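Rule-based calculations on the coordinates, nothing more; no lab input. Note that the structure is a prediction, hence the values are computed from the model and not measured. No Cβ is skipped: glycine too gets one built from the backbone with ideal geometry, and neighbour counts run over all protein chains shown.
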Amino acid sequence: MQMENHAYCYTIVFKTNITSLNLDGGFNLYPNILGEEAFIQKNYDLDIGLKISLVNQGCILTNSAKQYLQTNGKIKQAVFSAIDFYLNNGMPVNVPLDLKFSDFSPYRIDLNSEQSPCLYYYDQLISEINIEMQPEWNEKFTQSGVSYSKIAYMSTDRLRIKHESLCIFKLQEKAVIFAIYLNPKVLQFYIKRYF
């Protein structure tokens, strides 16, 4: 076998697949294997660019950040094995922590010198953050003994109703109307940003 001078030969063995087939006959490689440097550099200043990158690559929560959060209550578990937080400009963010290969993510949550949680891209500070903790009403119960956490949950900027496969009101042919609750912090962010 002929080789180039100064070439490296190595093998990396993963416990799981690093690609998936797509409907176009090609394959998708997980974003954290190759990284998304070109996308990040092109879209870094756009809120949506940062959000897309965080959703695709996930985030690492350092041990010091975990200890800090444990002393301040219980982290609110968000959808898709994620946590919710706000950047200091008010933008809500939902970031997965348990993605496949999230250990390779360039994003991490760690404490700064003032012991405040911050989001970093490699060693570059992006923003101080405010991580959503479990709301107090989560452990309360209705008069009939049903936990609020079984009925609804806060998902960054909105109150979400937990769906059941079959609604009792639908069976009785009764209409149900839910009020929309928009988190005031998020509403302020969108008003400042877009209006």
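Here are a few things to note about the model shown:
- Pairs from the list Lys15/Lys66; Lys42/Lys100; Lys74/Lys150 with a Cα-Cα gap above 19 Å: Lys15/Lys66; Lys42/Lys100.
- Cα convex hull volume per residue for segment 1-118 (Å³): 199
- When you filter the chymotrypsin sites (Phe, Trp or Tyr not before Pro) in segment 1-78 for DSSP loop state and at most 10 other Cβ atoms inside 10 Å of their Cβ, you are left with Tyr8, Tyr10, Phe14.
- In segment 1-105, the GluC sites (Glu not before Pro) that fall in loop regions by DSSP, at most 11 other Cβ within 10 Å: Glu4
- Evaluated with a Cβ-only charge set (Lys, Arg +1; Asp, Glu -1), segment 109-160 carries a dipole of roughly 500 debye about its Cα centre, given to the nearest 20.
- Theoretical FRET efficiency, 1/(1+(r/R0)^6), r = Cβ-Cβ of Asn56 and Lys15, R0 25 Å, to 0.05: 0.75
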